[in-house]
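> Questions regarding the structure given below will be posed in turn.
The values are calculated or read from the model by the stated rules, or taken from the named source; none is laboratory data. Computed from a predicted model, the values in this text were never measured in an experiment. Positions of Cβ are generated from backbone atoms using ideal geometry, with glycine treated the same way; all protein chains shown enter the neighbour counts. Side chains are part of the model used for accessible areas, which takes the heavy atoms of the whole protein and leaves out ligands, DNA and RNA. Shrake-Rupley method; radii C 1.70, N 1.55, O 1.52, S 1.80 Å.
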Amino acid sequence: MPKLARRVQQLPPYLFVNISRAIAAKKAQGIDVVSFGIGDPDIPTPDTVLDALDRGARKTPNHRYPESEGLPEFRQAVTEFYARRFGVELDPASEVINLIGAKEGIAHAALCFIDPGDISISPDPAYPVYEIGTMFAGGETHFVPLHEEKGYLLDFDEIPTDVARKAKTLWLNYPNNPTGAVADLKYFENAVAYAKEFDLYLLHDACYTEVTFDGYVAPSILQVPGAADVAMEFHSLSKTANMTGWRVGAAVGNSEMVDALMRVKSNIDSGLSQAIQEMGIEALNLPQAWIDGNNEIYRRRRDRVVAALNEIGLEATTPTATLYIWTRVPEGYTSASFAEKMLRERDVVVTPGASYGPSGEGYIRLSLTIPDDQIDEGIRRISGWRV
Ligand SMILES: Cc1ncc(COP(=O)(O)O)c(C=O)c1O
């Protein structure tokens, strides 16, 4: 056999492969672990959204190839959502495209903007796909550490000027996975100004804007006047509406960037099933009261998990958005050694922070996406633990 392509040889195992293996090994010993590992909502997709699938599945036109950019009705629904939720006006024909989940668009974006040897600037820690997409396109990632004391906001002053001049793309993600950090509009104004100063494509991953607590309302980067000159934003219904399994997302913003992504995608995939786009339309129109109710379930879990971690001496803080608790491990442990200890001694799975990049070393991430009885059991297992 010839050699696999270098891009495949270079691939690290996907983040959760090791966790899945550890869980399987415990299961083989007859032990059921409680997993705070993967961020994948346990709560079902709402009935109104499932009804849209029932209806959509029976429409013959939906049995044929969809268009890559998405149904006009889907793009219109995204446009109305952005107007209602963020006060952002979009042109559905040129500034909105649908995605087979945000991950797909995030990975393919690099093919639009990165040539071999180009630089992409990414936060560290971060959702791994920013870097992997860049690597697939032959580019290199310059990581900028996120610091707890700076509220995990990527500090543009930490990017060397020569790197900024050479770079093509800048990735940001607020509300942030894995840290749970949030950014305000002032921060986004600075980001847009920075991208303009250094002639960067600004890519904002906004997958968690709707998963917020305690009255916090997350902004879109497109609320910054002039942001659409340089920015494209990725939106997802996965976490907002418990739809990870259906794969519905959107990219919105600068029309040239959106068009580039549409052209790449139209050569790779044949779009998102139209019946699923119809679910997406329904989900984009969910009443705020439904979203608030869904977030309230996570808020209750968040408060209980943070309290349990504090009780065993971990200084977990309470995030105002996302499904994640990000907390420092005790002195003397790495993120992996602490996660292993928790699995070995308590049969509880957490994600080592270093899996999200070197600056995640010293932290673990706990996801709130397991049923309440599992949350109870996880808390029972860790309470009273001496670490
Ligand atoms: C920061 C971030 N971006 C993107 C995604 C992918 O979202 P989707 O399910 O829409 O592909 C995730 C999923 O966990 C995520 O955490």
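> With a 1.4 Å probe and all protein chains left in place, how much of the accessible area of the range 63-284 comes from carbon and sulfur atoms, in whole percent?
Ligands and nucleic acids excluded, carbon and sulfur give 50 percent.
> Convert each backbone phi in the range 17-33 into a coupling constant with the Karplus relation 6.51 cos²θ - 1.76 cosθ + 1.60 (shift: θ = phi - 60°), then list the ³J(HN,Hα) values in order as whole Hz, x for Gly and Pro.
Listing the rounded values in order: 4, 5, 5, 4, 5, 5, 5, 4, 5, 5, 4, 4, 8, x, 10, 8, 8 Hz.
> A follow-up question, please. Would you mind getting the accessible area per residue of the chain, heavy atoms of the protein chains only, 1.4 Å probe, in Å²?
For the chain, the solvent-accessible area averages 43 Å² per residue.
> Ok, one more. What is the spin-label model distance, in nm, from residue 377 to residue 150 if the labels are put 7 Å beyond Cα along the C-beta direction?
4.2
> So which chymotrypsin sites (Phe, Trp or Tyr not before Pro) in the range 3-112 pass both tests, a DSSP loop state and at most 14 other Cβ atoms within 10 Å of the Cβ?
Listed in order of number, the matching sites are 14.
> Lys pairs in the chain, Cα-Cα under 16 Å, at least 8 apart or on separate chains: how many? Can you show the working numbers first?
On the way: 26/341; 103/239; 103/265; 150/186; 166/196; 168/196; 186/196.
Taking the Cα cut-off of 16 Å, the pair count is 7.
> Taking H as built 1.01 Å from N, whose amide H comes closer than 5 Å to the amide H of residue 37, not counting residues under 5 places away?
367
> Classify the range 235-387 from the C-alpha gyration tensor, please: rounded if a/c falls under 1.5, else prolate or oblate depending on whether a/b exceeds b/c. Please report the intermediate quantities before stating the final value.
Values: a/c = 2.72, a/b = 1.78, b/c = 1.52.
Prolate is the answer for the range 235-387, as a/c is 1.5 or above and a/b outweighs b/c.
> Considering only the other residues whose Cβ falls under 12 Å of the Cβ of residue 117, what net charge follows from Lys and Arg at +1 and Asp and Glu at -1?
That works out to -1.
> Next question. Of all the C-alpha pairs in the chain, what % are more than 40 Å from each other? The partial results should precede the final answer.
Numbers: 10263 of 74691 pairs.
For the chain, the fraction of Cα-Cα distances above 40 Å is 14 percent.
> Which order do the peptides 244-253, 58-67, 355-364, 152-161 take when ranked by the mean count of other beta-carbon atoms within 10 Å per residue, highest first?
Descending packing order for the listed peptides: 244-253, 355-364, 152-161, 58-67.
> For a test of the definition: using alpha carbon positions, the gyration tensor, and the 1.5 limit on a/c, classify the range 266-338 as rounded, prolate or oblate.
oblate
> For a protection proxy built on the mean count of beta-carbon atoms within 10 angstrom, sort 288-294, 132-138 highest first, please.
Peptide ranking by packing, descending: 132-138, 288-294.
> Here's a follow-up. Where does the charge balance sit around residue 77 when Lys and Arg score +1, Asp and Glu -1, over other residues with C-beta under 10 Å from its C-beta? Spell out each step's value before the answer.
Working: positive: 75; negative: 73, 80, 278, 282.
My count for the surroundings of residue 77 gives -3.
> Could you tell me the center-to-center distance, by alpha carbons, between the range 299-370 and the range 85-141 in angstrom?
28
> ³J(HN,Hα) across the range 51-65 via Karplus (A = 6.51, B = -1.76, C = 1.60, θ = phi - 60°), whole Hz, x for Gly/Pro?
Working through the residues one at a time gives 4, 5, 5, 4, 5, x, 5, 8, 8, 4, x, 6, 8, 9, 4 Hz.
> Among residues other than residue 265 whose Cβ falls under 11 Å from its Cβ, what is the net charge (Lys/Arg +1, Asp/Glu -1)?
Net of charged neighbours comes to -4.
> At 7 Å along the Cα-to-beta-carbon direction for both residue 40 and residue 267, put a label point, then send me their distance in nm to one decimal.
So the two model labels end up 3.2 nm from each other.
> Taking a ≥ b ≥ c as the square roots of the eigenvalues of the Cα gyration tensor of the range 231-316, is the shape rounded (a/c under 1.5), prolate (a/b larger than b/c) or oblate?
prolate
> Volume per residue, Å³, of the convex hull around the alpha-carbon atoms of the range 1-40?
100
> Would you kindly compute the Cα radius of gyration of the range 114-189 and its largest Cα-Cα separation (Dmax), both in Å?
12.4, 35
> Between residue 146 and residues 5 or more places away or on another chain, which pairs have amide H atoms under 5 Å apart, with H built 1.01 Å from N, and which residues are they?
Result for residue 146 returns 124.
> Could you run the Debye sum over the Cα atoms of the range 63-284, one equal point scatterer each and no solvent, and tell me log10 of I(q)/I(0) at q = 0.08, 0.12, 0.15 Å⁻¹, two decimals?
-0.25, -0.58, -0.93
> Ok, one more. Once phi is turned into θ = phi - 60°, what whole-Hz ³J(HN,Hα) does the Karplus curve with 6.51, -1.76 and 1.60 give for every residue of the range 80-91, x standing for Gly and Pro?
With the stated coefficients, the range 80-91 comes to 5, 4, 5, 5, 5, 7, 10, x, 9, 8, 10, 8 Hz.
> Could you give the length gained by full extension between residue 300 and residue 259, i.e. 0.36 nm per residue of separation minus their alpha carbon distance, to one decimal place?
Residue separation times 0.36 nm, minus the Cα-Cα distance, leaves 10.6 nm.
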